[in-house]
Amino acid sequence: MKLLAISDLHVRHKSNRQALLEVSARPDDWLILCGDLGESPDHLRLVFETLGPRFARLIWVPGNHELWSRASGGARGVDHYLQLVELCRSYQVLTPEAPYVLWQGEGGPVWLVPLFLLYDYSFRPAGMNKQEGLAWAAEAGIMCTDEFYLHPHPYPSREDWCQARLALSEERLSELDLSYPTILINHFQLRFELARLPRVPRFCLWCGTTRTEDWHQRWNAKVVVSGHLHM
């Protein structure tokens, strides 16, 4: 029984949907879906209905694309996220809101820790504040679509939502028996040095938070799984 991972399926694109259909069945193995499966609940349903029967268990963490809210009058922010969590539960997919599972397969025992931590614009050059960081990215023609579609409601900002998620996750992690190592699973990077994108280096601003720089050590991580960078 192996633990596998994949990220950024982006099934809005036809070629990616075709590739999804070609994934081989591994009925004894678990599969981590590390965010950005798509941009709508229907995209998540497609992935779950395709991969659910091919694997023993699926684990999902949200990427920024799943958190986008484009329709006026629809759920936004936390409400939108919680609707996606309920959708996952209907397919028996583990989420960051589920109890952490002690993996007993190959490489175990280890705690499987799906996280939803977001970002707080702190992945930026030293001495810059957020607004200076946004201007620095804009100088290179970089502006993340999150600024238009990733609503933090009811929090006043995405960084406030990030801080709340960090506090919640720290509280839950502190309750684990860390005599067993962890596998930390988060769409965004946990360390600034890992958010290096050669083609769009200033996109790092939307890639994580420096609050998690030591989490791999603090929470006894055997492996850290992340996505987002398309690398």
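The values are calculated or read from the model by the stated rules, or taken from the named source; none is laboratory data. A quick note: this is a predicted structure, and the numbers were derived from the prediction, not measured. Quick reminder, even Gly has a Cβ in these numbers, built from the backbone with ideal geometry, and neighbours come from all protein chains shown. When the accessible area is computed, the model is the full protein with side chains, heavy atoms only, and any ligands, DNA or RNA have been set aside. Shrake-Rupley method; radii C 1.70, N 1.55, O 1.52, S 1.80 Å.
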So which residues in the stretch 210-231 are surrounded by fewer than 17 Cβ atoms within 10 Å (Cβ to Cβ) and among the hydrophobic types (A, V, I, L, M, F, W, C)?
VAL223, MET231
Name the single residue, out of those in the stretch 192-209 being at pLDDT 95 or above and open to solvent by 60 Å² or more (accessible area, probe 1.4 Å), that is nearest to GLU106 (Cα to Cα).
LEU194
Single residue of the stretch 85-99 satisfying the filter (in contact (Cβ under 8 Å) with a residue 24 or more places away in the chain and closer than 21 Å to ARG54 by Cβ) that is most open to solvent (accessible area, probe 1.4 Å)
GLN92
Residue pairs, Cβ under 6 Å, 6 or more apart or interchain, first in the stretch 48-74 and open to solvent by 40 Å² or more (accessible area, probe 1.4 Å), second among the aliphatic types (A, V, I, L, M) and at pLDDT 95 or above. List them.
ARG54/ALA25
Listed residues LEU102, LEU31; which is among the aliphatic types (A, V, I, L, M), within 29 Å of ALA164 (Cβ to Cβ) and open to solvent by 30 Å² or more (accessible area, probe 1.4 Å)?
LEU102
Which of the following residues is open to solvent by 60 Å² or more (accessible area, probe 1.4 Å) and not aromatic (Phe, Trp, Tyr): LEU37, LEU21?
LEU21
Could you please tell me which pairs satisfy a Cβ distance under 6 Å, a separation of 6+ or placement on different chains, a first residue in the stretch 120-138 that is surrounded by 15 or more Cβ atoms within 10 Å (Cβ to Cβ), and a second residue that is among the hydroxyl-bearing types (Ser, Thr, Tyr) and in a loop (DSSP other than H, G, I, E, B)?
ASP120/THR209; SER122/THR209; GLY133/TYR121
